[in-house]
Amino acid sequence: GNKGLQVAIDGPASAGKSTVAKKIAKRFQYIYCDTGAMYRTVTLKAMQQGVALDDPAALADMLKHTEITFKPGDPEQLVFLDGTDVTAAIRQEDVTNNVSTTAAQGTVRTDLTNRQREIADAGGIVMDGRDIGTTVLPDAQVKIFLVASVEERAQRRFKDNAEKGIHTPIDVLREEIEIRDHKDSTRKISPLTQAADAVKLDTTSLSIDDVVDKISAIIEQNVEKSN
Ligand code: CDP
Ligand code: CDP
């Protein structure tokens, strides 16, 4: 049919998931859902309210009256928490370094997974995260597992930071990435792992356009199949 496919893009930190997912969504006119932004937003709110990031019951309580919404924006989609724009706040280093703790709590994962599936119900969707192909959208027609060397990923983050006037040394960034990947890969519930039917793409020496073209070709093959 012409309803649009489900495209799941998973992988470790700074592999290029969100950059590539946004461009693919634009090309195919699909909805884009940044699930990492949702985990970041929950972490920010808990930190603001003094809710322990490892207390699943308290987090579940907080989530009962928490609204997370996306709005179109240029150059990036805006994220709202209970009506307040938190697009910049959720990218702060303290949120980045705490998010894996919140994301390991089962109550949080269940709640956000339900919200993500609701967003996907609308039709063609590109969703990026850690457990999209394995847990959130196990029937997605296209599953991509993006990877890149940790050196390359630390360099990408260093460049992104420099543009924002942040100058954390590259060794520190590299270590932060390794710690977060380790936590995300070893948690009990929906850890970061490649789905059996996902296509692995190493982006270490690929440009953004190369990656977008490769994934687009896979989507086009599957669109033909579904027609
Ligand atoms: O953009 P970056 O690679 O820094 O990470 P992100 O996609 O914004 O995700 C931030 C964190 O949220 C990850 O390190 C995971 O701890 C968590 N996350 C998750 O557990 N499951 C997802 N589907 C997406 C993110
Ligand atoms: O979402 P995720 O954390 O996986 O990565 P990202 O925030 O989309 O990408 C991190 C940085 O890598 C961005 O500045 C991209 O421009 C850059 N980059 C990329 O995404 N893909 C490449 N093939 C090369 C660079």
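Selection of segment 158-175 for residues being open to solvent by less than 60 Å² (accessible area, probe 1.4 Å) and within 12 Å of ligand 2 (Cβ to nearest atom) yields 161, 162, 173. Applying a threshold of 8 Å to beta carbon distances and a minimum spacing of six or more residues, or different chains, the list of pairs starting in segment 185-203 at a residue that is on the phi > 0 side of the Ramachandran plot and ending at one that is assigned to a loop (DSSP other than H, G, I, E, B) and at pLDDT 95 or above reads 190/130; 190/131.
The set of residues from segment 133-147 being open to solvent by less than 30 Å² (accessible area, probe 1.4 Å) and either at pLDDT below 95 or more than 12 Å from ligand 2 (Cβ to nearest atom) (or both) comprises 133, 136, 137, 140, 142, 143.
The set of residues in segment 67-106 being open to solvent by less than 50 Å² (accessible area, probe 1.4 Å) and touching a Pro at 6+ places or on another chain (Cβ under 8 Å) consists of 105, 106.
The values are calculated or read from the model by the stated rules, or taken from the named source; none is laboratory data. Keep in mind it's a predicted model, so treat the numbers as computed, not measured. Neighbour counts are summed over all protein chains in view; Cβ atoms, including those assigned to glycine, are modelled from backbone coordinates with ideal geometry. The protein model used for the area step is the full one, side chains on, heavy atoms only, and it has no ligands, DNA or RNA in it. Shrake-Rupley method; radii C 1.70, N 1.55, O 1.52, S 1.80 Å.
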